[in-house]
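The values are calculated or read from the model by the stated rules, or taken from the named source; none is laboratory data. Please read these numbers as outputs of a predicted model, since none were measured by experiment. We place every Cβ from the backbone using ideal geometry, glycine too, and count neighbours over all the protein chains shown.
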Amino acid sequence: MSQLAKLNRKSSRLVELSFDRLNLFEPVMGQYHDLGVEFQGAIALKPSNPEFLSKSDGLVLMPQGNKMLITTSFKRPVASVRALVCGSGSIVLTTYDVNGNLLDRTSKLANLLLNVSSTTQTKLNSTWLQSKKRGIARVELHSCTPFTLSDFCFLGMA
């Protein structure tokens, strides 16, 4: 098994990707090809803004460029996906089948920062977005504002 992922002990079909073995500022594309998944539009970063620190304080993926979009494609369709995201704006997870048909769309509403003063550092809350629609061939994570992806896992179909 690649050091870029681990299999969950409860299910040999659940794959949890690890971003900690990536290099800082590395564009993320085919590094997970052996696991049947490829990314587009993502770069590995360690957030310098304390609001975006992940639970592990390790590397996260962020959209590369101005599109604020990370796309994930699967070699074989999967049964479900989960993404741990963090951002100050709404983040949308959209899933498609092999023909490009919409399967599911879910979103994280923007964090409302209340009682923020210049002396207080506020850490944005990470939120899990997930889709349990069988036959997922492509996932898009997008937002109008910068966001991080700190965990990504998927369940293969039997």
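When restricted to residues that are more than 12 Å from the chain's Cα centre (by Cα) and under 23 Å from SER48 (Cα atoms), the range 69-104 contains 3.
Here VAL116 meets the list (1) within 18 Å of the chain's Cα centre (by Cα); (2) modelled with pLDDT under 95 almost entirely, failing just condition (1). For ARG76, the conditions (1) touching a Gly at 6+ places or on another chain (Cβ under 6 Å); (2) surrounded by 15 or more Cβ atoms within 10 Å (Cβ to Cβ); (3) modelled with pLDDT of 95 or more all hold with the exception of (2). The residue list VAL81, VAL92, VAL98 contains one member that is modelled with pLDDT of 95 or more and crowded, with 19+ Cβ neighbours inside 10 Å, which is VAL81.
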